[in-house]
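To start, the structure under review is shown below, and the notes come after it.
The values are calculated or read from the model by the stated rules, or taken from the named source; none is laboratory data. Quick caveat, the model's predicted, so the values are computed rather than measured. We place every Cβ from the backbone using ideal geometry, glycine too, and count neighbours over all the protein chains shown.
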Amino acid sequence: MNNSQKLGMNIILLGLVSLITDASSEIIYPLMPFFLKFLGGAAIGVGLIVGIVGGLRDSLSSILKAVSGYWSDKIHRKKPFVAAGYTISATSKLFFPLTTTWQELTVINVLERTGKGIRDAPRDSIIAESSEEKKGRGFGIHKALDTAGAIIGAFIAFMLILLIAPHSGPEKLSVMRWIFLVAAIIAFFSLIPLIFVKEKRQQALAKYRIGFRNLSRKYYFFILITGLFAFGNFTNLFSILRVGSFFTDEWEILVPLILYIWFYIIFTLLSIPSGIWADKYGKGKILSIGYGLFGLTCTIFIFAQSVIPFIIAFGFYGLAFAFIDGVQRAFIADIVEPENRGTALGTFYMVIGIAALPAGLIAGFLYGLNPSLTFLYGAIIALISMVTLMLFCKTQQTSQ
């Protein structure tokens, strides 16, 4: 196997790591709003707690993404950061079954996402260097495997939740704890494929200083736009909570889980094609479509009150993020120097992570007033982000 083939295998291996990790995470994640209810969170408003938990878990840990990205560039090593991040996430999941209050759950969520903060930027840097000239395709393959794991995890959660249905409130809480323990055990298997990842050793450049000053104005304009979008891209726990509010008994959990699986099926099926289209037609165009689709999704959620509109909404939701997630990272990998990719990707993650906290708090506050206001807020921010990105891309084409 030549060096190019080894680097290409990295994408598959890292995809498998993400697949297993996401399978573990998505057993826990869609059950979180209902677990919060059983812990007594309804007393102060589940919508607000979901906003706090969702915002903090993505925001506080995101500072580490810039730090780990910078240091992985600095020492020219990526894999140790990736390994440490996945290990911390797996270990943190062991504490989910032990939580007794929503405050404890929030702390453990943040700790688990700390692992994600350490691993994501260095991991994406390895994917970028392993993708050569087809970064959209490389990130698309990785995201497809990642979301396939999410489908598996959500399906496992759906099957396990059938065990909860016959039980009363306290018994449901006990069964959920066992489900979370199963998820934690699964997470440790993600470390096995990581052993075989081979990172490309970089030689230090004598006259090249790693740092934020080396990032271009184009890069900073782009992450401002992605930060704006993140400000309205509140946690999808609100979507799960919204659907559940129209059902009772076990269907309050089962219907959102089915739709959540549907969301990830669309996400998975379109992740690779969207990456290929981004390489072919331009990452800015595909990303603009993604922002527009997210706005359309939020608009449907404003008016949806039955299963059919929710099926359509979750389908568009999956399509939107197939056009957004990997394409944003590929866009950044294209516009920065290879020596600064870890720093650039880390800063990107930090910006959208910091935006997640106010996004969650605003969405949670609005949800308490009227759930439709949360999705109206998301639709407006998505529309502004789409128009801004289109103008940015047009300006860049004109200046070239």
Considering the range 205-239, residues that are over 22 Å from TYR291 (Cβ atoms) and hydrophobic (A, V, I, L, M, F, W, C), and then whichever is modelled with the highest pLDDT, we arrive at LEU215
Wholly inside the range 244-361, helices (runs of 4 or more DSSP H) that include 1 or more residues that are at pLDDT 90 or above and closer than 30 Å to PHE38 by Cβ are 251-281, 283-303, 307-322
GLY47 at negative phi and at pLDDT below 70: yes
Considering residues that are over 24 Å from the mean Cα position of the chain (by Cα), assigned to a helix (DSSP H, G or I) and either hydrophobic (A, V, I, L, M, F, W, C) or over 25 Å from ILE286 (Cα atoms) (or both), the number found within the range 362-400 is 5
Reported set for the range 99-130 where residues are over 22 Å from MET350 (Cα atoms), touching a residue at least 12 places away in the same chain (Cβ under 8 Å) and in a helix (DSSP H, G or I) is TRP102, LEU105, SER130
Of the residues in the range 164-199, those that are at pLDDT below 70 and not aliphatic (A, V, I, L, M) number 5
Here the residues within the range 224-243 that are aromatic (Phe, Trp, Tyr) and within 11 Å of GLN328 (Cβ to Cβ) are PHE229
Of the listed residues (GLU129, GLU171), the one being closer than 28 Å to VAL255 by Cβ and among the acidic types (Asp, Glu) is GLU171
Note on the range 357-381: residues surrounded by fewer than 20 Cβ atoms within 10 Å (Cβ to Cβ), under 17 Å from TYR317 (Cβ atoms) and among the polar types (S, T, N, Q) are SER372
- Hey, any hits in the range 218-234 for a residue that's surrounded by 17 or more Cβ atoms within 10 Å (Cβ to Cβ) and closer than 24 Å to ALA148 by Cβ? yes
Filtering the range 74-91 down to residues that are of a type outside the set (A, V, I, L, M, F, W, C), closer than 30 Å to ASN340 by Cβ and surrounded by fewer than 21 Cβ atoms within 10 Å (Cβ to Cβ) yields LYS74, HIS76, ARG77, LYS79, PRO80, THR87
Sole miss for ASP325 among (1) surrounded by fewer than 19 Cβ atoms within 10 Å (Cβ to Cβ); (2) under 29 Å from TYR70 (Cβ atoms) is condition (1)
Among (1) closer than 25 Å to GLU129 by Cα; (2) in a helix (DSSP H, G or I); (3) in contact with a helix residue (DSSP H, G or I) (Cβ under 7 Å, 6 or more places away or on another chain); (4) modelled with pLDDT of 85 or more, LYS143 falls short only on (4)
